[in-house]
Amino acid sequence: MNISRRHILVLLPAAAVAWKHVLAGTPEDSPNYRMSDHWWGMLIDIPKCIGCGNCVRACQTENDVPDGFFRTWVERYHVTDTHLENPEVISPDGGKEGFPIAKEDEGKYFFVPKMCNHCADSPCTQVCPVGATFVAPDGVVLIDPKYCLGCAYCVQACPYGCRYIHPTKKVADKCTLCYHRITKGLTTACCEACPTGARQLADLKNPKDPIHEFLKMHAVQVLKPQMATGAKAFYNGLDGSVR
Amino acid sequence: MSGVEGYMYPNEVTLYWSVLIVLYPYITGLVAGAFILASLVRVFRVQAVAPTYRLALLTALAFLLVAPLPLQFHLGHPERSPEMYFTPHATSAMAMFGYVYLWYLMAVLVFEIWLDYRREIVLRSQQTKGLLRLIYKIMTLGSNNISERSLHIDERVGWIVTLIGIPSAFLLHGYVGFIFGSIKANPWWSSPLMPVVFIFSAMVSGIAGVMLLYMATTKLRKQAIDIHCVDTIAMYMFYIFIIDFSLEMLDLVHRIYEADESFRSLDFMVHSKLFFSQIVLQIILGTLLPLFLLFLTQVVKFSEIVRKRIYIFCGSMIMISVFAMRWNVVIGGQLFSKSFLGYTTYKVDLVTKEGLLVAIGFLILPLLILWALVKLLPPWPAQSSHQAASGD
Amino acid sequence: MSGLKDAGHLFRFLGLFVIAFLVFWVIRGFVVPKSFGEYGHYRGAAIAEIASHPIKFAGHQSCEQCHTDEAGTKAKGAHAHVNCEACHGAIFQLQPAAAAPPENLYQRMLAFAGLRLPADPPLVKHADDPMSVTPVKPDSAVLCARCHTASAAKPKGFPQVDPAEHSGGVPCATCHNPHSPVIGSDTTATAAAGTTAAAGGAN
């Protein structure tokens, strides 16, 4: 890129000013964020996902996710007529480095990114014995790592398998919807890294959020609706074979 | 991913609840079962089993003291476990643990043992010397009143404590069943029958445990085993086991009949990963065989020696079977994927914090504590010179 | 009741409970975090703690503040919705020790021992010192291939090729401007300029 030193001298102060609110470490420096103004969710558009694994890698980078555990992962489904109820599913290392090349056959393939559904009626917060995990007032399900006992009851209670016990911190861990980013006006790391727009952060309380239009125009599902968890990760084009 | 067949959600591959979490319900089950045996004497006036009354209470206490240890070794941050006392989350069954445990330990078990032994405690505080004297003196709580009237009050209050103790014992062990039974995410666990099955299998294991301990300690003391006592215990053990078995079969038949989305995956798991622990050990060797033998003892008149041998065999098989049942519930519930598309494996480590050696240690420790309790508070009358008339 | 004096020992036992309860209550007052219960049954201060985690990905809006040329090219091309850091990596990334070569013997010893130089800040800011702190140049052979290698699993409308058949091992950036990859679509800069830029940025 051709930026001369003179350009730098002009642009740097502008960049510095722009970054002030990002560099700030506390919500007090982002005074515009009020929890009660937001109700967060995520929109996942299955037909757009190409299984590149960018989201998995970006999440690991942003959140220091330990190897072998996943705050988000991508599954690849292969569904054939003869086995509608028994899809072949793979997720090599969570889809972090993409997927092996699939050969054309009679079946269909698609990718399903998975993550914490930030359930409104979350079963994981219901079972926590001490109040270490909770639904924040803005709809994000969070874990307090200083209070968690590491009993793993929440891990057992999650129907989606999105929780794990951190191997070194010995507390429960999971997707935080990049809370440290969304409270500062940024989008989540996975959405930032997704090259096709298959993942989009959604603020259900914001009347201008594109999710409202999207929900009106598309048939949208959640995972395991029979569990009545109030899941807020909405899937467009979710096949019936998805577990 | 090693050890995985089919597809597991990536975070499901590791098991988070180890053999120590299998041990915990087993131990509290023994506590509840031993207490129920004691309550047979105190509340239901089954005098035949009176020789085991005090032993049952001490056994319950010994195991109850060990019960929190597997949990402490399992927690990622055991130093934070007091949080369960300070900020228990009302919607969590697990949060009940702290208070139910403390209630049962102090307001039921310790209270009842103290009331029953108070006379001996006061006498020993006056007759022994040194450290023992101090221990007994502390146990008297400073009161030396062992008048007729005070002992009569102890008797009455003890009866009430035992009465309250029965539902307390059910709560102590039943809540563990509810911890599993209330998890809608896991179809192997989620069932309203779970707390009931846990309670009944606990009763069977506790009663079997005390029976075996009674027979072993009596033999070690070179005394005669009260055969009428053991016959009665075995009878209760048999009938409660029938109820337990019926409940477990009800769950099984219901699952097979309804065959919901989880059935195929669970069915395959039982026939492959859990074949030995569930079908062979828990059901065939651990339930059907002892039930059959105990049934025989109810309808056929065997000699004392044969009956004792059958009771020892059945009691041992029951102890193993109920452990297998806990294993099949806890470990089995984590071996299959919630996607119903795969399975993982569980390898028990040997020397880690949650390994086999620690587990075995937690099974032996209560016996050591029991030995100390028996020395401190002997459950049987002073040694008689009468030797066992017949062998065994 | 006249029997009360013979029940004195019971009150002593009860007394144990009362004392235990009082001790518990006092300790609880000290131990339970002050913000507990502020918003619900959890430590309210945890929310602010979680919100103050360090950020690694700056977000495309910040790149576009300075890199207006690239942003303009990209906005008109097929990669309009592909954000900068999706290819260039997180801007606020911890610099590995190997990235800055040791300047003196002391730093060489530290590097040899695998230790980070103590003066390194925890987060290196490209925006503060863009000339010396640059993101790693993406290797197109790996990066482009990850998305665009043909697979029956990918959506049919998505542009995908077999890399070996398509270019015979020639790096993608030779013909495609990564910021506007459709050949001929990029009018503000030629493919050659794209190559120069790629080569110029290479370290």
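Remarks
- Under Karplus coefficients 6.51, -1.76 and 1.60, residue-wise ³J(HN,Hα) of the stretch B:230-241 in Hz, glycine/proline x: 5, 4, 5, 4, 4, 5, 4, 4, 4, 5, 5, 5
- As a proxy for reagent exposure, ranking B:Val330, C:Val142 by other Cβ atoms within 10 Å from fewest up yields C:Val142, B:Val330.
- Cubic angstrom per residue, convex hull over Cα atoms of the protein assembly as shown: 218 Å³
- Dipole check for chain B: with +1 at the C-beta of Lys and Arg, -1 at the C-beta of Asp and Glu, and the Cα centre as origin, the magnitude is about 1300 Debye.
- Residue-count net charge about A:Asp64 - beta-carbon cut-off 13 Å; Lys, Arg +1, Asp, Glu -1: +1
- For chain B: relative contact order, % (alpha-carbon pairs under 8 angstrom, 6 or more apart): 29 percent
- Mean separation of Cα contacts under 8 Å, 6 or more apart, over the residue count of the stretch A:36-236: relative contact order %: 31 percent
- Each residue, B:Asp251 and C:His53, gets one label point 7 Å from its Cα in the Cβ direction; the gap between the two is 3.7 nm.
- Across all Cα pairs in chain A, the calculated P(r) in 5 Å bins from zero up to the longest distance comes to 1, 6, 12, 16, 18, 17, 12, 8, 5, 3, 2, 1, 0, 0 percent per bin.
- Sites matching trypsin sites (Lys or Arg not before Pro) across the stretch B:188-243 that sit in DSSP coil, with at most 15 neighbouring C-beta atoms within 10 Å: B:Arg221, B:Lys222
- Whole-Å distance, taken between Cα centres, linking the stretch B:232-306 and the stretch A:101-156: 37 Å
- Per-residue 3J(HN,Hα) values for the stretch B:246-255, derived from phi via the Karplus relation 6.51 cos²θ - 1.76 cosθ + 1.60 with θ = phi - 60°, read 4, 5, 5, 5, 4, 4, 5, 4, 4, 4 Hz in sequence order (x marks Gly and Pro).
- Trypsin sites (Lys or Arg not before Pro) restricted to the stretch C:1-84 and DSSP loop, no more than 16 other C-beta within 10 Å: C:Lys34
- MRE, 222 nm, helices only [DSSP H, n ≥ 4, -39500 (n - 2.57), over the protein assembly as shown, to nearest 500]: -14500 deg cm²/dmol
- Sequence-distant residues sharing a close amide H with A:Arg199 (under 5 Å, placed H): A:Asp45
- Alpha-carbon centroid distance for the pair the stretch B:95-117 / the stretch C:23-62, whole angstrom: 35 Å
- Applying the Karplus relation 6.51 cos²θ - 1.76 cosθ + 1.60 with θ = phi - 60° to the stretch A:164-174 yields 3J(HN,Hα) values of 8, 9, 4, x, 10, 7, 6, 10, 5, 8, 5 Hz, where x marks Gly and Pro.
- Put simply, the amide H of A:Lys114, placed in the peptide plane, has neighbours under 5 Å in A:Trp73, A:Val74, A:Glu75, leaving out anything fewer than 5 places away on its chain.
- For the stretch B:219-307, the normalised intensity computed at q = 0.25 Å⁻¹ comes to -1.25 (log10 of I(q)/I(0), Debye sum over alpha carbons, equal scatterers, no solvent).
- Taken over the alpha carbons of chain B as equal point scatterers, the Debye sum produces base-10 log I(q)/I(0) values at 0.12, 0.14 Å⁻¹ of -0.99, -1.29.
- Put simply, the amide H of C:Phe36, placed in the peptide plane, has neighbours under 5 Å in C:Gly44, leaving out anything fewer than 5 places away on its chain.
- Here the peptides B:358-364, B:308-314, B:18-24 are ranked by packing, the mean other Cβ count within 10 Å, and the order with the highest first is B:18-24, B:308-314, B:358-364.
- A straight line joining the Cα centroids of the stretch A:41-74 and the stretch C:128-155 runs 16 Å.
Quick note: the coordinates plus some simple rules give every number you see, no bench work behind them. What you are looking at is a predicted structure, and each value in this text was computed from that prediction instead of being measured. With ideal geometry, Cβ positions are generated from the backbone for all residues, glycine too; neighbour counts draw on all protein chains shown.
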